[in-house]
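These notes are about the structure you will find just below.
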Amino acid sequence: MGQSSSTNAPSPPRSTQRHHRSISLSSSFSARSEIFSFMHSKKEPSFEIPDAVPTTIDYTSEIPDECLAIVFQFLSSGERKRCSLVSRRWLLVEGESRHRLALNAQSDLLPLIPSIFARFDSVTKLALRCDRRSVSINDEGLILISFRCPNLTRLKLRGCREITDVGMAGLAKNCKGLKKFSCGSCMFGAKGINALLDSCSYLEELSVKRLRGINDGGAAEPIGPGAAASSLKSICLKELYNGHFFGPLISGAKKLKTLKLLRCLGDWDRLLETIATADSCLVEVHLERLQVTDVGLSSLSNCSKLEILHIVKTPECTNTGVVAIAEHCKYLRKLHIDGWRTNRIGNEGLTAIAKHSANLQELVLIGVNPNSASLEAIATNCQKLERLALCGSETIADGEISGIASKCVALKKLCIKGCPVSDEGIEAFAWGCPNLVKIKVKKCKNVTSEVGDWLRARRGSLVVNLDVCEVETEAVDASASDGVQEDAVEFPPIISQVTVGEPEREHEPSSSTSSSSGRRASIFKTRFGFFGVRVFVPCTFRRWTNGNSNT
């Protein structure tokens, strides 16, 4: 009871079991016989292949070439190269859909040009670079490339020293649709630039850096706007010995909006007086290490549409010029001032900015020593200020930082570098600046990592970047770096000796790199020696020591 009966199936009869056993034994014996006979047979075995063999299916074969090209546009250059190895179709589509190309422009590139541009026949943006130790392509190579790329809209030449005015003339003839042209460390001269400007009526941006072919000889000719007079919108000149040859070009560009003059020799006050008129279209002006005075700044104040102004290491500019800019340029949004610790731009200029620049959104002060009154005026009156950088100032301490924290309501990004600020000043941002997104503190000796952790705990969404490990105070450089720059996402570009658009380098360079940089710097100082006469011995301003902070 309580137990279920067993339901085992009945066992088969013994005759049936013997029958199955005999079949299995006979089949096993026959299989062994076949194997034995096969091993001793001299006939080659024959294998039958089934009719249907499974193959790899290309699911992309149904995708149109146009759609596949769009997919390639979302990939990096390396990923596109790997995709081009998948199949012949992908190789063809990738080449036809590539619009941007960068080549090592050495002399051995010449015989490869036809095959390269037979594959990449849709290139519209091209960069040709050659290092200083190699021989670059010559006029023949440039003309051949321009013939193969008639739809070229952007061209960048770097270190192509074998290209002369003849090659530039051929380029201008074949690529009349150019919109952006940039050259650096090249050897062609004014004739080559004029040929480009005379033929390219759609040219909008021109960037010239270290152009060695322009000289003071009698054969040199001024550079005019040519056919690009009505289309040119941006001009950048950097490290030119004879930048004044571009004067007719700058004054003749009627729709010029962006002008960047960086480390160019010559007296630029006269040019600014010529171009700065009430009907000027100038919106952005960068002046860096130039021989320019308050006369030039006062003339520039006539540009009522001016929105962005960088005054970087121009020691002859004083509060007078800054006050003129503030009073007349009502649309000023971004202002960068690197006073080079000359104390010629200070409270008077900043107070004028606070009074008249209500639309100011970005302010960068480097080597400027404002007092609490001028900073309080800026914090109170510039209610749209979103980005603020204070670097290398001896007068900005905890009290000034606390005032900024309490009154800059719209501030989103703040950078403090090389200022006598302590943990007490940084703690003020736990309650102040409600819209603050990111705060960066570098080379402030009295700021510890503990306050950073505390501030992160108080405001979880705030990005706090504290550099408390580095003790030595480095130079803060607001210099622009290259060509026609695009608006960077990160703010602000005020990191010491860091090129705009490149990541910040945290480690010290190697000895060989520093020695080569020193040699280049010494050559530059020799050639630009006029700064030593007019600029109060610049070596005393270029290096920021700890002398003042230690005494």
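The values are calculated or read from the model by the stated rules, or taken from the named source; none is laboratory data. Fair warning: this is a prediction, and the values are worked out from it, not measured in the lab. Quick reminder, even Gly has a Cβ in these numbers, built from the backbone with ideal geometry, and neighbours come from all protein chains shown. The area values use the complete protein model at the heavy-atom level, side chains included, leaving out ligands, DNA and RNA. Shrake-Rupley method; radii C 1.70, N 1.55, O 1.52, S 1.80 Å.
Structure notes:
- With every protein chain in place, region 311-360: carbon and sulfur % of accessible area (1.4 Å): 46 percent
- Think of a 1.4 Å ball rolled over the protein heavy atoms: region 104-205 then has 44 Å² of accessible area per residue.
- Stretching V409 away from S134 to a fully extended chain increases their span by 93.5 nm, per 0.36 nm per residue minus the current alpha-carbon distance.
- Surface listing: K412, K334 arranged by accessible area from highest to lowest gives K412, K334, probe 1.4 Å.
- Percent carbon-and-sulfur accessible area, region 111-242, ignoring ligands, DNA and RNA, probe 1.4 Å: 51 percent
- For Y202, the solvent-accessible surface with a 1.4 Å probe is about 140 Å², rounded to the nearest 10.
- Hydrodynamic radius (Kirkwood) for region 96-255, which is based on Cα pairs only, to one decimal in Å: 15.6 Å
- Nonpolar atom fraction for region 401-449, defined as the carbon and sulfur part of the 1.4 Å probe accessible area, stands at 54 percent.
- Exposure rank, largest accessible area first [D294, D338, D58; 1.4 Å]: D58, D294, D338
- Overall Cα dimensions of region 379-429, principal axis frame, Å, largest first: 26, 18, 16
- Computed accessible area, T320, all protein chains, 1.4 angstrom probe, square angstrom: 80 Å²
- Rg over Rh [alpha-carbon atoms, Kirkwood Rh] for region 428-469: 0.94
- Expected-Rg normalisation [2.2 N^0.38 Å, Cα atoms] applied to region 169-278: 0.99
- Near L75: Cβ cut-off under 14 Å, other residues only, Lys/Arg at +1 and Asp/Glu at -1. The net charge is +3.
- Rounded FRET efficiency, nearest 0.05, which uses the C-beta distance separating L110 from K81 and R0 of 22 Å: 0.45
- Accessible-area order (highest first, 1.4 angstrom probe) of the listed residues K156, K442, K176: K176, K156, K442
- Shape class for region 247-312, computed from the alpha carbon gyration tensor (a ≥ b ≥ c): rounded, with a/c under 1.5.
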